[in-house]
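The structure appears below as structure tokens.
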Amino acid sequence: MTIENPSREEIKSILKKAKRIAVVGLSSNPERTSYQVSAAMQKAGYEIIPVNPTIDEALGVKAVSSLKDIKGHVDIVNVFRRSEQLFDVAKEFADIDADVFWAQQGLVNEDAYQFLKEKGYTVIMDRCIKVEHALTRAQ
């Protein structure tokens, strides 16, 4: 089975509609990719919710330990965890009924993909949300 991401037009629509992005694995270290990507998305106007049990806050926002600790609806769950951890994140994602599961560039897990697609969720893997945002805004 192969991962099939939405088209660039669909990704543009997803990013245009989204307001709240929960970032699983967001680091409080400005040197880390998760921080830099999330800072860019926050600057672009998205509400960023750090999901990391090992930090108190990131980007001026109090962190939560898990997706289940988030109050209110989440549009996108952007994941910065190793590929082998994506299935566990996917199960938690399904429990909160967010709209889009997004695994950052370099991250792929076919079991997580299949699990979420069978439940009818939109799944994006191995794509950088910051890059996709820049590409779709330029169109």
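The values are calculated or read from the model by the stated rules, or taken from the named source; none is laboratory data. The structure presented is a predicted model; accordingly, all values stated were derived computationally and were not measured. Reconstructed Cβ throughout: ideal geometry from the backbone, glycine too, with neighbour counts over all protein chains shown. Calculation scope for accessible area: heavy atoms of the full protein, side chains included, ligands and nucleic acids excluded. Shrake-Rupley method; radii C 1.70, N 1.55, O 1.52, S 1.80 Å.
Entry remark, the stretch 7-45: residues being assigned to a loop (DSSP other than H, G, I, E, B), crowded, with 16+ Cβ neighbours inside 10 Å and over 12 Å from the mean Cα position of the chain (by Cα) number 2 in total. Residues in the stretch 84-108 that are open to solvent by 50 Å² or more (accessible area, probe 1.4 Å) and either within 13 Å of the chain's Cα centre (by Cα) or among the aliphatic types (A, V, I, L, M) (or both): Asp99, Gln105, Val108.
Taken over the stretch 109-139, the residue count meeting the criterion of being crowded, with 21+ Cβ neighbours inside 10 Å and assigned to a loop (DSSP other than H, G, I, E, B) is 2.
Filter the stretch 47-60 for residues that are touching a Pro at 6+ places or on another chain (Cβ under 9 Å) and among the hydrophobic types (A, V, I, L, M, F, W, C); which is most open to solvent (accessible area, probe 1.4 Å)? By that ranking, first place goes to Leu59.
Sub-7 Å Cβ pairs linking a first residue in the stretch 98-112 that is within 15 Å of Ile11 (Cα to Cα) to a second residue that is among the acidic types (Asp, Glu), at least 6 apart or interchain, are Asp99/Asp75; Val100/Asp75; Ala103/Asp126; Gln105/Asp126, ordered by first then second residue. Restricting attention to the stretch 61-83, the residues that are surrounded by fewer than 17 Cβ atoms within 10 Å (Cβ to Cβ), of a type in the set (Lys, Arg) and outside any strand (DSSP E or B) add up to 3.
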